[in-house]
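Remarks on the structure that follows.
The values are calculated or read from the model by the stated rules, or taken from the named source; none is laboratory data. Values in this document were obtained by computation on a predicted structure and should not be read as measured data. As a convention, Cβ positions derive from the backbone with ideal geometry for all residues, glycine included, and neighbour counts pool all protein chains shown. Ligands, DNA and RNA are stripped out before the accessible areas are found, and what is left, the full protein with its side chains, is counted by its heavy atoms. Shrake-Rupley method; radii C 1.70, N 1.55, O 1.52, S 1.80 Å.
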Amino acid sequence: AQKITQTQPGMFVQEKEAVTLDCTYDTSDPSYGLFWYKQPSSGEMIFLIYQGSYDQQNATEGRYSLNFQKARKSANLVISASQLGDSAMYFCAMREPASGTYKYIFGTGTRLKVLA
Amino acid sequence: EAGVTQFPSHSVIEKGQTVTLRCDPISGHDNLYWYRRVMGKEIKFLLHFVKESKQDESGMPNNRFLAERTGGTYSTLKVQPAELEDSGVYFCASSQAGTGLSNYGYTFGSGTRLTVV
């Protein structure tokens, strides 16, 4: 069954430092997409980055990069040069076509706190 | 372009009462999804509409939950009667047809925080 595991309920990072948020996934479908979303205290879900299962290169979006290790089924999010505004909840998620609905499977999230 | 709108943003009701959550998707988005996050747990899929039809309602917890999408536009999610375990944040999302695995155009609303006391 499809599953997303985020083993870090909470993380602290010093401002301007880099931080890695862990995510592992489980699926038997060769075609899937991996995503990271940020949820600040205001509640909205903000899309950060996407990685397709067939993409050869790791995805990058500004200060965000996704460390995609297909054989290990991991999709860790790396935030470089952390800012105070990065403090939020972060969710790793997966979508598959096999379900027919392209629904998201989410992890339990990691709460990141950036320290000044 | 207006985003996905959900209301109310917060609702506090007593156990046994009825609550109706509403989601207005982005205009032209055929796909509409409902998700729920119970405190401390993952965000879980509830159901998926394509226009006015339910494509997948495998995530609906039980028959106390009823979702509708009138004319393929806005959607409502009714909980009747509400129980304590229904507390959580209910998210709606919408997307265009044919976006495949990418999230192009897949937009979440800000959620409705439901508290059942």
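Take region B:8-29 and flag every residue that is over 22 Å from B:Glu83 (Cβ atoms) and touching a Ser or Thr at 6+ places or on another chain (Cβ under 8 Å).
B:Asp24, B:Pro25, B:Ile26, B:His29
Out of the residues in region B:31-66 that are basic (Lys, Arg) and open to solvent by less than 60 Å² (accessible area, probe 1.4 Å), which is farthest from the chain's Cα centre (by Cα)?
This residue is B:Arg64.
Looking only at residues in region B:34-61 that are charged (D, E, K, R) and under 16 Å from B:Glu85 (Cβ atoms), which one is farthest from the other protein chains (Cβ to nearest Cβ)?
Within region B:34-61, the match that is farthest from the other protein chains (Cβ to nearest Cβ) is B:Arg36.
Specify which of the listed residues (A:Thr24, A:Thr7) is open to solvent by less than 80 Å² (accessible area, probe 1.4 Å) and within 14 Å of the chain's Cα centre (by Cα).
Answer to the selection: A:Thr24.
Consider A:Gln57 carefully, then state whether it is over 29 Å from B:Trp34 (Cβ atoms) and in a loop (DSSP other than H, G, I, E, B).
For A:Gln57, the condition - over 29 Å from B:Trp34 (Cβ atoms) and in a loop (DSSP other than H, G, I, E, B) - is met.
Considering only region A:88-97, how many residues are modelled with pLDDT under 90 and in a strand (DSSP E or B)?
Of the residues in that region, 1 qualify.
Quick check: is even one residue across region A:80-87 modelled with pLDDT of 95 or more, crowded, with 21+ Cβ neighbours inside 10 Å, not polar (S, T, N, Q) and not in a loop (DSSP other than H, G, I, E, B)?
For region A:80-87, residues modelled with pLDDT of 95 or more, crowded, with 21+ Cβ neighbours inside 10 Å, not polar (S, T, N, Q) and not in a loop (DSSP other than H, G, I, E, B): absent.
Examine region B:1-13 for a residue that is touching a Phe, Trp or Tyr at 6+ places or on another chain (Cβ under 7 Å) and assigned to a strand (DSSP E or B), and state whether such a residue exists.
No, because not a single residue in region B:1-13 is touching a Phe, Trp or Tyr at 6+ places or on another chain (Cβ under 7 Å) and assigned to a strand (DSSP E or B).
Consider A:Gly52 against the criteria (1) within 12 Å of chain B (Cβ to nearest Cβ); (2) open to solvent by 30 Å² or more (accessible area, probe 1.4 Å); (3) of a type outside the set (A, V, I, L, M, F, W, C): it satisfies all of them except one. Which criterion is unmet?
For A:Gly52, the failing item is (2).
For region A:103-116, give me each residue that is away from chain B (no Cβ under 12 Å), open to solvent by 40 Å² or more (accessible area, probe 1.4 Å) and either closer than 16 Å to A:Thr5 by Cβ or in a strand (DSSP E or B) (or both).
A:Lys113, A:Leu115
For A:Gly100, indicate whether it is open to solvent by less than 50 Å² (accessible area, probe 1.4 Å) and either in contact with a strand residue (DSSP E or B) (Cβ under 9 Å, 6 or more places away or on another chain) or not in a loop (DSSP other than H, G, I, E, B) (or both).
Judged against the criteria, A:Gly100 is a match.
Given the conditions (1) away from chain A (no Cβ under 13 Å); (2) under 20 Å from A:Met94 (Cβ atoms); (3) hydrophobic (A, V, I, L, M, F, W, C), report the number of the one that B:Ile26 does not fulfil.
Only one criterion is unmet by B:Ile26, namely (2).
One residue is enough: does region A:60-79 have a residue meeting the conditions within 23 Å of B:Tyr33 (Cβ to Cβ) and within 8 Å of another protein chain (Cβ to nearest Cβ)?
no
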